[in-house]
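See below for the structure under consideration.
The values are calculated or read from the model by the stated rules, or taken from the named source; none is laboratory data. Here the structure is a predicted model, which is why all the values come from computation and not from measurement. Backbone-built Cβ (ideal geometry, glycine too); neighbour counts: all protein chains shown. Protein only, heavy atoms only, side chains kept; ligands, DNA and RNA dropped before computing areas. Shrake-Rupley method; radii C 1.70, N 1.55, O 1.52, S 1.80 Å.
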Amino acid sequence: MTKKHTILLTTLIISLILLSAINTPQTPTALITQQINPEITIKHTPNNTDNVFILTIDDLSLSVAAQIRLTGKIIEYVKNKSIPTTFFAIPAYMQPYNFSNVIEIAQHGYNHINPKDNSHREFTNLTDKEIEARLTKGKHLLEKQGYTVYGHRAPCFSLKEKHIPLLKTLYLYDSSFHVPPNQTDYLIPYIWLDLTGNICNITTSNKTLKDSKQKLFTVIDNWTASEKPIVILSHFFDYETILQNNQTKECLNSFFDEINKRYYWKTTMKDYAIWKSHLNTINYTLNETETTLEITFNTCLSALTFETHSKKQIKTNCQIKIKHKNSQKTTFILK
Ligand SMILES: [Zn+2]
């Protein structure tokens, strides 16, 4: 081997050593984003609750004395059961009323009557312009009566997916659709079984009442498993007969008693929509060393709950209210 060859070979070996040094993985301190790192999981409900529970009552009307009396009875009932409630009110039949702050008044069309065929399907076969006019008129009417309108549900669910952009210009949320397409952040879905129309209805026999209630809880558990909020559908005028009849009232009582045994966040549609909109802005970065996992949130959202399977020491830029550890995972709730 000539001297020239030796120099070339040495250069080659040194180059290879240098190249392999560059490619050697460093201690993992790089920033990892939420999308690519499953190290922590943020829960969709606050305070480590198992799900959100919302009672909704459609068709609220306050135009005659009997309706005002019924409203009082329903409010007394849900207050006794500690259930916050969202009423979807028909603007044309409303008037000012002093509701407490655990009651939300949302909008249900304009007058629940279709001007073309007189049916209850208010928006069916109307033009986009006609629909927009009725929605706006209804919203303004409620606002004139002192209500702040955050959300909407169409009478007999008579809107279509193509109306979603219009709804977005008027409301924080909408709940007009059985199975929301892919816009679950805006459209809050509801459970299709009607608590007062099907489950605890006076026409149902005692045995069926029990069975149908069981069916509703099966649906509730499936929704919880898929992280959908538990939004219960019921109707204002049904409560008149249900609250008067012992069997049906007992059905309603046992339903809410079972709900109260569970660890749900009971709230209104509006407060859930606000929570979701805050939750959607949350982002974080992870900085991982051999011993610690440092989580830096862009905002410290009160009651935000996250879990991790990491055994490392957890540090965050937000104050922790509660830390709970078991053999599987550690749960944190922000202050
Ligand atoms: Zn209705």
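Round to a whole number: what % of the accessible area of the chain belongs to carbon and sulfur, probe 1.4 Å?
Working: 9630 of 17760 Å².
Roughly 54 percent, rounded to a whole number.
Of the trypsin sites (Lys or Arg not before Pro) in the stretch 87-191, which ones lie in a loop per DSSP and count no more than 16 other C-beta atoms within 10 Å? Numbers along the way, then the final one.
Working: sites: K116, R121, K129, R134, K137, K139, K144, R153, K160, K162, K168; in loops: K116, R121, R153, K160.
Sites meeting the loop and neighbour criteria: K116, K160.
Rounded to the nearest whole Å², what accessible area per residue is found for the chain with the 1.4 Å probe?
Solvent-accessible surface per residue comes out at 53 Å².
Would you mind checking the tilt of helix 65-80 against the longest principal axis of the Cα atoms of the chain, expressed as 0 to 90 degrees and rounded to 10?
40
Give the angle, between 0 and 90 degrees and rounded to the nearest 10, that separates the Cα long axis of helix 128-144 from the longest principal axis of the Cα atoms of the chain.
80
I'd like the distance separating the alpha-carbon centroids of the stretch 106-181 and the stretch 231-247, in whole Å.
The stretch 106-181 and the stretch 231-247 have Cα centres separated by 24 Å.
What is the spin-label model distance, in nm, from N246 to K315 if the labels are put 7 Å beyond Cα along the C-beta direction?
Distance between the two pseudo-spin positions: 6.6 nm.
Sequence gap of 8 or more, or different chains, plus Cα separation below 29 Å: how many lysine pairs satisfy both in the stretch 76-178?
25
Which is the longest run of the chain containing none of the GluC sites (Glu not before Pro) found in DSSP loop states (not H, G, I, E, B) with at most 12 other C-beta atoms within 10 Å?
Longest run free of exposed loop sites: 1-226.
Please give the charge dipole size of the chain, origin at the Cα centre, charges +1 on K and R Cβ atoms and -1 on D and E Cβ atoms. Round to the nearest 20 debye.
Roughly 740 debye, rounded to the nearest 20.
What angle do you read, to the nearest 10 degrees and between 0 and 90, between the alpha-carbon axis of helix 206-225 and the longest principal axis of the chain?
30
Just checking the chain: which Cys have no other cysteine's beta-carbon under 4.7 Å?
C156
Can you give the accessible area of C251 in Å² (nearest 10), computed on protein heavy atoms with a 1.4 Å probe?
So the heavy atoms of C251 present about 10 Å² to solvent.
Nearest 5 is fine: what % of DSSP beta bridges in the chain come out antiparallel, could you say?
So the antiparallel bridges amount to about 40 percent of the total.
Below 27 Å, Cα to Cα, which lysines can K323 reach? Residues fewer than 8 away in the same chain don't count.
Reachable lysines: K43, K228, K261, K266, K276, K311, K312, K315, K335.
Modelling each spin label as a point 7 Å along the Cα-to-Cβ direction, I'd like the E294/F217 distance in nm, to one decimal.
4.9
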